[in-house]
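Below is one structure, written out as structure tokens; comments come after it.
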Amino acid sequence: MMLKTFRLLSLIEGASLITLICIAMPAKYTLGYFDIIWPVGMTHGVLWLAYLCLSLVVSHQQRWSAAFWGITVAASITPFACFWMDNKLQQAPVPAKVT
């Protein structure tokens with residue numbers, strides 16, 4: 001269940017990064033719309049922090065290696081990598097429950 005939530009958050013956070021880089025920043029620097037950066041940037045920042053926290057929870061739950069968790073964090077700061085990461089997470093095996 002948490003993995004599905006994380007995958008959804010990953011896509012939303014990735015879309016906010018793309019919006020910030022491809023729409024808000026060009027609007028600020030080429031068209032002079034300075035007021036657009038704060039709401040888009042703040043939204044992206046909050047989503048990124050939620051992504052980072054949830055990635056820690058899911059990494060422990062799914063028993064990811066530190067290297068895979070690092071790749072997951074790197075994907076959060078790379079435009080369009082959220083789609084690649086979603087594909088990887090969709091293929092991830094479900095760990096056996098420890099009782």
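Bear in mind these aren't lab numbers, they're just calculated from the coordinates by the rules spelled out. This one's a predicted model, so the numbers in the text were calculated from it and none came from an experiment. Please note: Cβ atoms are built from the backbone with ideal geometry, for glycine as well, and neighbour counts cover all protein chains shown.
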query = What value does region 40-83 have for Rg/Rh, both radii from Cα atoms and Rh as Kirkwood defines it?
reply = 1.00
query = Hey, in the GNM for the chain with a 10 angstrom Cα cutoff, which one of 11, 56, 31 fluctuates hardest?
reply = 31
ask   = Loop-only check: which trypsin sites (Lys or Arg not before Pro) in the chain are DSSP coil with at most 14 other Cβ within 10 angstrom?
value = 63, 97
request  = Based on other C-beta atoms within 10 Å, arrange 42, 1 from fewest to most.
outcome  = 1, 42
ask   = Given DSSP loops and a limit of at most 14 other Cβ atoms within 10 Å, what is the longest stretch of the chain that contains no such chymotrypsin sites (Phe, Trp or Tyr not before Pro)?
value = 34-79
message = I'm checking a number: the convex hull volume of the Cα atoms of the chain, normalised per residue, in Å³. What is it?
response = 82 Å³
inquiry  = When a/c reaches 1.5 or more, the comparison of a/b and b/c decides; with that in mind, is region 1-56 rounded, prolate or oblate per its Cα gyration tensor?
reply    = prolate
task = Before anything else, pin down the relative contact order of the chain: Cα pairs under 8 Å, at least 6 apart, normalised by residue count, whole percent.
result = 37 percent
